[in-house]
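Enquirer: Dropping the structure in here first, questions after.
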Amino acid sequence: MNTCKQDRGGFTLIELLVVISLIAVLAALTMAFLPNAASSAREARAAVQLQGWLNVAKQRALRDQAPRGLRLWRSAANLDQVVECQYLEQPDDFSGGTVKALVGATNTVIFTGVDLSNGDTTGDKKFWSVQPGDYLEVMGTGLIHYIVDVTKSTVLIKPPLPYPVAETKNYRIARSPRAVGDETLKMPDGTIIDLLTNTAYSNALPPSDPNSGIGFVDILFGPSGAVISRGVATANIHLWVRAPDPNTPDDFYRGDPTIISVYVRTGLVDAYPPAPPPGDPYRLVR
């Protein structure tokens, strides 16, 4: 019996080099694409989280029929960046006892028959019934005075009262929002809410409390869902969520940023991509 020897096919050296080159190119493309894809996913997750926190705060206001909100803490490392938030509650007005202001000292109001510290012995004023940042109204005048500092029986205010006040029960303290507990809501690693964009693109935020240390921005919802933060001057509050690159920290458009926009009148919380430059990046929202 005759047997035929059959040649077995194989790759030439050139073919092998071509295949290796293609694998190298694909590997390089993969290495270049994966970090951007991971960054985009991280930014998207951060935007979804922030949108969810704001909607939870709005639903709490509806449920409790009282002002509730979200506090955006400015980072100590960079005051234009936010990486932590906290839920807020606004207590009812404070009253009780009597108040008076003496001649020559109308920026100091003295309280009798009430303890402004709520019995606290630690000196930590974040647990006091009355705190710096609250507002005092005396005699129903409608003129409110910012409380700069508090002791157990006095408050320091600005502007001062226009005249001395004899002892009276006719006063109220409109208390500012308080953070709920000590736990914070953290943005995903590497992502921030960039407040610098609000300055760069002329979209003012509610003013920070000047006595709050590193500062914060409060977004407070009323029971109707509308935003009732003090000092809101725009129809929308825009929050730019992004993952900055240390090599190009001021490139707002790097990656896949998202604008979380809160409509002040209705409280709607929605997400938009920034409009590409040049021009107003918020034009897709408006």
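Enquirer: Taking the range 232-264 as the region of interest, how many residues are farther than 16 Å from residue 204 by Cα and either part of a loop (DSSP other than H, G, I, E, B) or more than 20 Å from the chain's Cα centre (by Cα) (or both)?
Expert: 15
Enquirer: Which condition number does residue 118 fail, the rest of (1) more than 29 Å from residue 228 (Cα to Cα); (2) within 29 Å of the chain's Cα centre (by Cα) being met?
Expert: Looking at each condition in turn, residue 118 falls short on (1).
Enquirer: While we're looking at this one, here's another question. Working only within the range 216-242, note down all residues that are over 30 Å from residue 92 (Cβ atoms) and crowded, with 23+ Cβ neighbours inside 10 Å.
Expert: Initially, the range 216-242 is screened for residues over 30 Å from residue 92 (Cβ atoms), giving 238, 240-242.
Residues satisfying the conditions are 240, 241, 242.
Enquirer: Considering only the range 272-284, I want to know if a residue exists there that is of a type in the set (Ser, Thr, Tyr) and over 26 Å from residue 175 (Cα atoms). Please lay out each step first, then the result.
Expert: Residues of the range 272-284 that are of a type in the set (Ser, Thr, Tyr), as a first pass: 272, 282.
Filter once more, keeping what is over 26 Å from residue 175 (Cα atoms): 272, 282.
Looking through the range 272-284, at least one residue is of a type in the set (Ser, Thr, Tyr) and over 26 Å from residue 175 (Cα atoms).
Enquirer: Yes or no: the range 268-282 includes at least one residue that is within 18 Å of residue 71 (Cβ to Cβ), part of a loop (DSSP other than H, G, I, E, B) and touching a residue at least 24 places away in the same chain (Cβ under 8 Å).
Expert: So in the range 268-282, the residues within 18 Å of residue 71 (Cβ to Cβ) come out as 269.
Pick out the ones that are also part of a loop (DSSP other than H, G, I, E, B) and you get none.
No, that holds for no residue.
Enquirer: Looking only at the range 171-223, count how many residues are over 28 Å from residue 285 (Cα atoms) and at pLDDT 85 or above.
Expert: 12
Enquirer: Conditions first: (1) part of a strand (DSSP E or B); (2) of a type in the set (A, V, I, L, M); (3) out of contact with any helix residue (DSSP H, G or I) (no Cβ under 9 Å at 6 or more places or on another chain). Residue 88 passes all but one, so which condition is the exception?
Expert: (3)
The values are calculated or read from the model by the stated rules, or taken from the named source; none is laboratory data. Note that this is a predicted model, so its numbers are computed, not measured. Reconstructed Cβ throughout: ideal geometry from the backbone, glycine too, with neighbour counts over all protein chains shown.
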